[in-house]
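The values are calculated or read from the model by the stated rules, or taken from the named source; none is laboratory data. Remember, it's a predicted structure, so these values are computed and weren't measured experimentally. Note that we place each Cβ from the backbone using ideal geometry, even for glycine, and neighbour counts take in every protein chain shown. Note: accessible area is taken over every heavy atom of the protein model, side chains too, but ligands, DNA and RNA are not part of it. Shrake-Rupley method; radii C 1.70, N 1.55, O 1.52, S 1.80 Å.
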Amino acid sequence: MLTSNELAGFHAADAVVQTSPDNWVSSEQLLADEAAAEKAMLKRDGFRAGVHEDLMNGGTGAASIVEQFRSPQAAADAQAFYLKQFRALGRYAPFKVTGIPHAAGFSVGGVNGGGINIVFSDGAYYHLVGREAGSPAAVAKLNAAARHLYQRVHG
């Protein structure tokens, strides 16, 4: 999880911890078929626990999410599943992420009107860090925060 101000200017607002796939997915706003697909993936890949932390900077929101799976391969499979889900939303635009092996950076809904996200897996953990809106400066700050998180947890 990102710590306060690890994403420059953002501070933790709230965190939710779940230990079952059903509870984890029910806390999201998903269509029924999307929820069913995610629950199936989580059960197949041995979901152990997840933490969703909301971050705020004034009126701008951000999130730090970590999910623990039964193995590194299961976490990598989860990353592939989520990337496929994000691409299906449309207006998916990738951007370069540096310093984190196999990480993916992308915007959904347009960089300026949607959100920007970076996802990666490390060991048995899948991570997402993201924020509302974006600009080249916001992408650089998100990349720096994700890289710092990776260095801290990969250690």
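Considering region 76-94, and only residues there that are at pLDDT 95 or above and of a type in the set (F, W, Y), the residue that is nearest to S135 (Cα to Cα) turns out to be Y82. The residues of region 124-153 that are open to solvent by 40 Å² or more (accessible area, probe 1.4 Å), modelled with pLDDT of 90 or more and not hydrophobic (A, V, I, L, M, F, W, C), listed by number, are Y125, R131, E132, K141, R147, H148, Q151, R152.
Among residues of region 123-143 that are within 16 Å of A104 (Cα to Cα), those with a beta-carbon under 7 Å from a residue that is aromatic (F, W, Y) at least six positions away or on a different chain give the pairs Y126/F69; H127/F120; V139/F95. Just for region 84-98: of the residues that are within 14 Å of the chain's Cα centre (by Cα) and in contact (Cβ under 8 Å) with a residue 40 or more places away in the chain, which one is farthest from G109 (Cα to Cα)? Checking each candidate, the answer is V97.
For region 117-133, filtering for residues that are aliphatic (A, V, I, L, M) and more than 10 Å from the chain's Cα centre (by Cα) leaves 2. Residues in region 96-113 that are in a loop (DSSP other than H, G, I, E, B), surrounded by 13 or more Cβ atoms within 10 Å (Cβ to Cβ) and modelled with pLDDT of 95 or more: V97, I100, A103.
Scanning region 52-88 for residues that are closer than 16 Å to A145 by Cβ and among the hydrophobic types (A, V, I, L, M, F, W, C) turns up L55, M56, A62, A63, I65, V66.
With respect to the conditions (1) in contact with a Phe, Trp or Tyr (Cβ under 6 Å, 6 or more places away or on another chain); (2) part of a strand (DSSP E or B), I116 lacks only one, and its number is (1). Here A93 fulfils each of the conditions (1) in contact with an Asp or Glu (Cβ under 9 Å, 6 or more places away or on another chain); (2) surrounded by fewer than 19 Cβ atoms within 10 Å (Cβ to Cβ); (3) outside any helix (DSSP H, G or I); (4) not polar (S, T, N, Q) apart from (1). Of the strands (runs of 3 or more DSSP E) lying entirely inside region 1-75, those containing at least 3 residues that are of a type outside the set (V, I, T), surrounded by fewer than 16 Cβ atoms within 10 Å (Cβ to Cβ) and modelled with pLDDT under 95 span 11-18. Do we have any residue at all in region 89-97 that's under 18 Å from L149 (Cα atoms), touching a Phe, Trp or Tyr at 6+ places or on another chain (Cβ under 6 Å) and not aliphatic (A, V, I, L, M)? No, region 89-97 contains no residue that is under 18 Å from L149 (Cα atoms), touching a Phe, Trp or Tyr at 6+ places or on another chain (Cβ under 6 Å) and not aliphatic (A, V, I, L, M).
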